[in-house]
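> Please see the structure below; I have some questions.
The values are calculated or read from the model by the stated rules, or taken from the named source; none is laboratory data. Note that the structure is a prediction, hence the values are computed from the model and not measured. Here the Cβ positions follow ideal geometry from the backbone for every residue, glycine too, while neighbour counts run over all protein chains shown. Remember, those area values only see protein heavy atoms, side chains included, never the ligands or the DNA or RNA. Shrake-Rupley method; radii C 1.70, N 1.55, O 1.52, S 1.80 Å.
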Amino acid sequence: LNLKHSESKHVTDLLTVQFFIGIANALVNYLAFALFINTLSVTEIPLAYLVIAFSLLILNLIYEKLEHFFSPLQLLKVIIAGSAGILLLLWLGLKQENNHTVVFILVVFSFLIYMITSYAFWGLVSLLYNIRESKRVFSIVGSGDIPAKLLGYIIAPTLGHLIGYDNLIWLAIISL
């Protein structure tokens with residue numbers, strides 16, 4: 001893979017982080033869309049995408065401000081902890097009787113969590129390696145995402161039947 005010995009520890013760590021973030025995103029995404037299809041009407045899809053687009057604008061502004069307050073590693077930790085906290089709140093909301101609004105919010109946050117964890121992760125990686133190193137390293141680090149998504153999307157339906165679909169959020173929180 002043309003890695004230098006001095007890079008192998010960092011690359012392995014980053015690959016592992018990317019893998020577990022990928023599993024969490026796959027589980028949350030699967031759950032969000034499965035619940036959306038079962039709970040809400042197809043006519044609410046355009047509204048969901050409009051809310052996602054507007055929320056991403058706000059999220060980008062917030063992320064820009066957070067970059068000035070935290071180091072890249074601290075920012076990644078804060079974002080992962082915040083994402084896990086939001087997922088915990090959404091799990092509590094899904095336990096309520098009438099959870100249509102929570103399902104809608106889950107769909108929106110599934111996109112937001114995916115985007116902000118990607119921003120923080122790749123922001124950290126891009127600062128660790130210069131242009132020449134990044135040509136070799138980024139493909140290796142990024143390769144953790146594909147098997148993670150594959151594994152996450154394969155195990156989600158089976159685990160959903162075994163532990164309950166709402167409880168897939170716990171696996172995502174653990175993965176984060």
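> Run the helix sum for the chain: -39,500 (n - 2.57) per DSSP H stretch of 4+ residues, divided by residue count, reported at 222 nm to the nearest 500 deg cm²/dmol.
Computed ellipticity for the chain at 222 nm equals -30000 deg cm²/dmol.
> Just want to confirm a number: the relative contact order over the chain, from Cα pairs under 8 angstrom separated by 6+ residues, in percent.
52 percent
> Over segment 24-157, average the accessible area per residue using a 1.4 Å probe and give it in Å², no decimals.
That works out to 55 Å² per residue.
> While we're looking at this one, here's another question. Compare the Cα positions of L76, G142, S118 along the charge dipole of the chain (+1 at Cβ of Lys, Arg; -1 at Cβ of Asp, Glu; about the Cα centre) and return the one farthest towards the positive end.
Going by the charge dipole, the pick is G142.
> Show which lysines lie in cross-link reach of K135 when reach means a straight Cα distance below 16 angstrom and same-chain residues fewer than eight apart are skipped.
Those lysines meeting the cut-off are K4.
> Apply 1/(1 + (r/R0)^6) to the Cβ-Cβ distance of N98 and N167, taking R0 = 25 Å, and write down the FRET efficiency to the nearest 0.05.
It comes out at approximately 0.80.
> Once every Cα of segment 65-176 carries one equal point scatterer and solvent is ignored, give the base-10 log of I(q)/I(0) from the Debye formula at q = 0.18 Å⁻¹, two decimals.
Reported log10 I(q)/I(0), two decimals: -1.03.
> Could I ask something else about it? Can you give the Kirkwood hydrodynamic radius for segment 61-120, in Å, rounded to one decimal and based on Cα pairs?
12.4 Å
> For a test of the definition: using alpha carbon positions, the gyration tensor, and the 1.5 limit on a/c, classify segment 1-82 as rounded, prolate or oblate.
In terms of gyration-tensor shape, oblate.
> Explain nothing, just the number: dipole magnitude of the chain about its Cα centre with +1 on each Lys and Arg Cβ and -1 on each Asp and Glu Cβ, in debye rounded to the nearest 20.
Computed charge dipole of the chain: roughly 460 debye.
> Per the 1.4 Å probe, what fraction of the accessible area of the chain, in percent, lies on carbon and sulfur atoms?
Ligands and nucleic acids excluded, carbon and sulfur reach 70 percent.
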